[in-house]
Amino acid sequence: MSPHLSNERPAFDQLLVELADYALNARLTSDEAYDTARWCLADTLACGIMALAYPVCAKLLGPVVPGTSIVNGSRIPGTAYELDPVQAAFDIGTIVRWLDFNDTWLAAEWGHPSDNLGAILATADWLSRNQAAGAPMAAFTRALPPRRDPLTMRDILTAMIKAHEIQGVLALANSFNRAGLDHVLLVRVASTAVATTLLGGSREQVVNAISHAWLDGSALRTYRHAPNTGSRKSWAAGDATSRAVRLALIAMAGEMGYPSALTAKTWGFQDVSFGGRPVTLARPLGSYVMEHVLFKISFPAEFHAQTAVECALRLHPRVRDRLGEIERVEITTHESAMRIIDKTGPLHNPADRDHCIQYMTAIGLIHGQLTADHYENAAAADPRIDDLRAKMKVGENRQYSADYLDPDKRSIANAVQVFFRDGTQTERIEVCFPLGHRRRRAEGIPLLRAKAAAAFSAHFGATQADELMALFADRARLEQLPVRDFMQLLARPA
């Protein structure tokens, strides 16, 4: 006979409480974090604006039911859409992630902390516009407290730093990917915490919302790995941010939470989805992640291959006229890259190609550059690419793997060397820290600004692009600007 189960309601799991208290009460003082956050905002929006040019992304945007509209809805940057905040979070999260060009974070678990911007901007714009208009809110948000001051872009930067921190610190010690779970789990958790906070949630409401985020479990990583790699990986974060806003609104309506969502025996997240292992925080929550975040500046490549592509670009002048003479190409890398993006055989779609270290390295060697267009079918039809891929040998350097996990280094090292049939070879090019690494911030930020300016100019025109870049360059003015005015600058008339 089964023993009787105690129905005594436990206290909320300590981790749920820590995440809520940080989201609600942490006072951030790091000037470096805020300075990095403004450029992270510019970069993330630029990635989203660039993605609008791709029909496979654009087809997913807009209202769920065509033709519906929302008064004082959340604006989608670069478009004329005004949507409810749940769908808006999906759209914003999808465009910023589509090209695999926004920031990243590599640890025991990895991910892209700026994915959370979908929830942050959608929630803040919708709330700001409705409160400014004195408009009645939906019935389930009637508990929203009045705000005396409008949300400003300082609030957005603060929410970004906190979302980065929650996602990134959870990723330091908990390897959900090795349990087959996709890293967008942490996007949902972080976005839920900050979205509920932006809505003015109480401590109880924020804790309740976070418990629901864990109860949702996680998507499987199937769509990120051979032989199933596909475009869902480009909208998975949008899906996570959308769900986060929905959970925040449900909690704000007074829906109950679940105190042992993580630790309940048999039925909690840890037992069901994480092999009974505890979910832990590797370090106190502060602003560490935003300060150390990794930007993708020069090319949209899965981050474990960023330095391999840098190596290939340096070798391009030495090999471009000798491609037919190549006998083999040796790529030396770290364990995570071998597990995730070391891929042979046919590549079926752009998502497959941007997660193949051999493909990305081949493009760099052949063209001396790598753009999102190089993943499309027309570029992939070049027979030289698969010819080079067939000559590549990928091996692990254990020191690279150790340095990848070293919190004082956080390197993402790769080396590439090309050997020719006549017995000659190129020098072995090694890059340990990619351009977007904190150690190369002074070198990288000017190029990041150029990346953003080019994206804004191509979509909005030079005048509006100059206005946006001048705003990002003046942090004090940016931080004081109301969110609704900032989002208006990014809207495109119908």
*Using only alpha carbons, build the gyration tensor for the chain and give me the equivalent ellipsoid semi-axes, biggest first, whole Å.*
38, 27, 20
*Cα lying deepest toward the dipole's positive end in the stretch 1-107, options 106, 40, 50, charges on Cβ*: 50
_Spelling out what I want: for every residue of the stretch 165-175, take phi, set θ = phi - 60°, compute 6.51 cos²θ - 1.76 cosθ + 1.60 (Karplus), and round to whole Hz; glycine and proline get x._
5, 4, 4, x, 6, 4, 6, 5, 10, 10, 9
*In the chain, with Lys and Arg counted as +1 and Asp and Glu as -1 at Cβ, which of these residues, 157, 491, 210, has the Cα nearest the positive end of the dipole, that is, farthest along it?*
210
_Cα-based reach from residue 409 at 21 Å (exclusive), listing lysines while leaving out same-chain residues under 8 positions away_ = 296
*Each residue of the stretch 87-101 in order: what ³J(HN,Hα) in whole Hz does its phi give by Karplus 6.51 cos²θ - 1.76 cosθ + 1.60, θ = phi - 60°, with x for Gly and Pro?*
5, 4, 4, 4, 5, 5, x, 6, 5, 5, 9, 4, 8, 6, 10
_Give me, ordered by chain and number, the residues 5 or more places off residue 396 or on other chains with an amide H under 5 Å from its own placed amide H._
333
*Mean Cα-pair separation over length for the stretch 329-470, i.e. relative contact order, pairs under 8 Å, 6 or more apart, %*: 24 percent
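How much of the DSSP beta bridge set in the chain is antiparallel, as a percent to the nearest 5?
Numbers: 16 of 21 bridges.
Percentage antiparallel, nearest 5: 75.
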*Kindly express, to the nearest 10 degrees and within the range 0 to 90, the angle between helix 203-215's C-alpha long axis and the longest C-alpha principal axis of the chain.*
50 degrees
*Mind grabbing the base-10 log of I(q)/I(0) for the stretch 1-122 at q = 0.15, 0.20 Å⁻¹? Debye formula, identical points on the C-alpha positions, no solvent, two decimal places.*
-0.82, -1.15
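Do you know the relative contact order of the chain, to the nearest whole percent, from alpha carbon pairs under 8 angstrom that are 6+ apart?
Working: 934 pairs, mean separation 98.9, N = 494.
The normalised contact order for the chain reaches 20 percent.
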*asked:* How far apart, in nanometres, would the label points at residue 373 and residue 204 be if each is projected 7 angstrom from Cα along the Cα-to-Cβ direction?
replied: 5.8 nm
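When a/c reaches 1.5 or more, the comparison of a/b and b/c decides; with that in mind, is the stretch 234-389 rounded, prolate or oblate per its Cα gyration tensor? The partial results should precede the final answer.
Values: a/c = 2.56, a/b = 2.41, b/c = 1.06.
Taking the square roots of the gyration eigenvalues as a ≥ b ≥ c, the stretch 234-389 is prolate.
Could you give the semi-axes, largest first, of the ellipsoid that matches the stretch 328-429, computed as the square roots of 5 times the alpha carbon gyration tensor eigenvalues and rounded to whole Å?
Numbers: eigenvalues 110, 66, 27 Å².
Sorted largest first and rounded, they come to 23, 18, 12 Å.
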*Could you tell me which of 273, 294, 415 has its Cα farthest along the dipole of the chain towards the positive end, charges placed at Cβ (Lys, Arg +1; Asp, Glu -1), taken about the Cα centre?*
273
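Kindly identify the stretch 398-494 as rounded, prolate or oblate by the Cα gyration tensor criterion: order the square roots of the eigenvalues as a ≥ b ≥ c, call it rounded if a/c is under 1.5, otherwise compare a/b with b/c, prolate if a/b is larger, else oblate. Write down the numbers at each step before the final one.
Working: a/c = 3.76, a/b = 2.06, b/c = 1.82.
Note, shape of the stretch 398-494 comes out prolate.
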*Quick one: which of 93-103, 300-310, 57-67 comes out on top by average Cβ neighbours within 10 Å, and what's the full order, highest first?*
93-103, 300-310, 57-67
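Does the stretch 1-61 come out rounded, prolate or oblate, given a ≥ b ≥ c as the square roots of the eigenvalues of its C-alpha gyration tensor, rounded meaning a/c under 1.5 and, failing that, prolate meaning a/b above b/c? Can you show the working numbers first?
Values: a/c = 6.12, a/b = 1.65, b/c = 3.70.
Oblate shape, in that a/c is at least 1.5 and b/c is the bigger or equal ratio.
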*asked:* Can you give me the long-range amide H partners of residue 294? Hydrogens built in the peptide plane at 1.01 Å from N, cutoff under 5 Å, separation of 5 or more residues or another chain.
replied: 104
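Which links in 233/451; 162/451; 265/343 stretch past 28 Å when you go from one Cα to the other?
Long pairs (Cα-Cα over 28 Å): 265/343.
Hey, got the dipole for the stretch 203-308? About the Cα centre, +1 on K and R Cβ, -1 on D and E Cβ, debye to the nearest 20? Spell out each step's value before the answer.
Values: 11 positive and 7 negative charges, 47 e Å.
Dipole size: approximately 220 debye.
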*Report ³J(HN,Hα) in whole Hz for each residue of the stretch 315-321, in order, from the Karplus equation J = 6.51 cos²θ - 1.76 cosθ + 1.60 where θ = phi - 60°; Gly and Pro get x.*
7, 3, x, 8, 10, 4, 9
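Here, each number is a calculation from the coordinates, and none is a lab measurement. Please read these numbers as outputs of a predicted model, since none were measured by experiment. Cβ coordinates were reconstructed from backbone atoms using ideal geometry, including for glycine residues, and neighbour counts include every protein chain displayed.
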